[in-house]
Amino acid sequence: MDITILGIESSCDDTSAAVLRSNVLLSNVIASQAVHVKYGGVIPELASRAHQQNIVPVVDTALREAGVTADELDAIAFTRGPGLVGSLLVGVSFAKGLSIARNIPMVEVNHLQGHILSHFIDLPDRQLPHPSFPFLCLLVSGGHTQIVRVDSPTRMRIIGTTIDDAAGEAFDKCAKVMGLPYPGGPVIDRLAREGDPKAFRFARPHVEGYDYSFSGLKTSFLYTLRDAVASDPGFVERRKADLCASLQTTIVEILLDKLVRASKETGIRDIAIAGGVSANSGLRDGIAETGRRRGWRTFLPEFKFTTDNAAMIAMAGYYRYKLGEVASLDVSPAARLENM
């Protein structure tokens with residue numbers, strides 16, 4: 001019997017709603033917030049206000065595009081965390097209101113699990129490739145960098161994580177130092193295609209196990225610019241493409257080094273990537289090439305599933321609803337969630 005899930009995502013600065021029937025996506029609507037660009041980062045108060053404006057029309061549009069009424073929903077899946085509390089509160093509160101008004105069960109979802117489970121979404125016109133359990137997922141975003149062992153849709157274990165900054169944060173902060181617009185990651189990706197990836201060498205971390213560190217790389221990048229600009233004020237503008245290419249290559253190599261080690265030592269050869277940075281062309285090419293050399297089956301998410309979206313929340317909610325995991329009305333948003 002088909003299960004129809006409404007997904008709601010509001011963890012940061014994208015308001016999204018999606019409708020999923022079993023694992024087939026019927027609609028996925030996203031309202032982004034351009035207001036943060038001029039500030040060079042997300043302003044939490046502005047984000048929560050924008051969510052309040054967007055949530056009703058976004059959910060209404062998702063239901064209409066899916067051809068589904070609220071009475072046909074089996075459950076409402078919502079992001080409980082991690083994320084900005086003010087933003088999360090809007091999605092959680094809307095889910096509660098709809099649940100009470102229509103007597104529809106709610107399912108809470110860990111945002112990070114949603115990113116990983118986006119690999120199990122199918123489209124109405126085609127089935128997408130799905131990894132087999134167990135698989136390793138490199139989850140890379142502005143706030144998180146993790147290697148996750150995925151044993152089932154609801155059993156996941158973080159085996160490696162950043163001990164300081166996330167990879168996406170390194171991209172954005174280094175972009176800011178170069179005077180590039182926010183968000184800096186996509187701009188670096190575009191400029192990197194025109195530059196020499198071997199033009200500059202930056203510091204690489206030496207961290208035990210499968211953990212990551214990017215603070216030293218950021219410092220090394222900053223000092224490179226500081227020293228060069230002292231003698232050549234036009235250095236950054238003239239060498240921008242080479243700087244971007246070298247930075248991107250360094251970050252990708254750091255990410256892949258630990259992923260290769262994790263695959264070798266666990267014996268797992270189904271390898272996926274997820275999160276906002278999984279849209280980066282250097283990382284996608286690096287994963288694909290490494291997979292070809294090492295005999296991996298690699299899984300790259302559709303670009304529309306790399307950013308924050310409610311389709312992945314609905315997918316994660318679907319699996320939890322099947323297990324009978326229903327949230328109570330006293331559930332509250334959480335900026336951090338300790339467990340996967």
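The values are calculated or read from the model by the stated rules, or taken from the named source; none is laboratory data. Everything numeric in this text was worked out from a predicted model, so none of it was measured. Note: ideal-geometry Cβ built from the backbone for every residue, glycine included; neighbour counts use all protein chains shown. Only protein heavy atoms, including side chains, enter the accessible area calculation; ligands, DNA and RNA are left aside. Shrake-Rupley method; radii C 1.70, N 1.55, O 1.52, S 1.80 Å.
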In the stretch 191-242, the trypsin sites (Lys or Arg not before Pro) that fall in loop regions by DSSP, at most 16 other Cβ within 10 Å: Arg193, Lys198, Arg201
Among beta bridges that DSSP assigns inside the chain, antiparallel share in %, nearest 5: 60
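On average, how much accessible surface per residue is there in the chain, in Å², for a 1.4 Å probe, leaving out ligands, DNA and RNA? Spell out each step's value before the answer.
Details: 14840 Å² over 340 residues.
About 44 Å² of surface per residue is accessible.
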Pairwise FRET efficiency - Phe120 versus Glu253, Cβ, R0 = 41 Å, nearest 0.05: 0.90
Over 22 Å between alpha carbons, listed pairs Lys198/Lys218; Lys218/Lys304; Lys218/Lys240: Lys218/Lys304
Val56 paired with Ala34, simple spin-label distance in nm, labels 7 Å along Cα-to-beta-carbon: 2.4
Magnitude of the charge dipole, the stretch 218-308, Cβ model with Lys/Arg +1 and Asp/Glu -1, debye to 20: 280
Hypothetical label at Asp71: residues of the stretch 4-33 whose amide nitrogen lies under 19 Å (7 Å Cα-Cβ projection): 4-6
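If you average the sequence gap of Cα pairs under 8 Å that are 6 or more apart and divide by the length of the chain, what percent do you get for the contact order?
In percent, rounded to a whole number, it is 25.
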Pair Phe303, Asp330: separation of 7 Å Cα→Cβ label points (nm): 4.7
Simple spin-label estimate for Ser215 and Arg193 in nanometres, 7 Å along Cα-Cβ: 3.5
Calculated FRET efficiency for the pair Arg201/Asp151, C-beta based, R₀ 56 Å, to 0.05: 0.90
Debye, to nearest 20: dipole size of the stretch 135-301, +1 on Lys, Arg Cβ, -1 on Asp, Glu Cβ: 420
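Quick one: length gained pulling Arg102 to Glu208 fully straight, 0.36 nm per residue minus the C-alpha distance? Please report the intermediate quantities before stating the final value.
Values: separation 106, 0.36 × 106 = 38.16 nm, distance 5.09 nm.
Working it through step by step, the gained length comes to 33.1 nm.
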Tail weight of P(r) past 27 Å, computed on alpha-carbon pairs of the chain, percent: 46
About the Cα centre, charge dipole magnitude for the chain (Lys/Arg +1, Asp/Glu -1 at Cβ), debye: 720
Mean Kyte hydropathy of 1.6 or more with a Cα span along the axis of at least 20 Å, helices from DSSP in the chain: none
Which of Leu191, Leu300, Leu63, positive extreme of dipole for the chain (C-beta unit charges): Leu191
Helix-only [θ]222 nm of the chain, DSSP H runs n ≥ 4, -39500 (n - 2.57) each, per residue, nearest 500: -13500 deg cm²/dmol
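Going by the alpha-carbon gyration tensor, a ≥ b ≥ c the square roots of its eigenvalues, is the stretch 135-301 rounded (a/c under 1.5) or, if a/c is not under 1.5, prolate (a/b greater than b/c) versus oblate?
Verdict is prolate for the stretch 135-301.
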Carbon/sulfur fraction of accessible area - the chain, other protein chains in place, 1.4 Å, %: 50
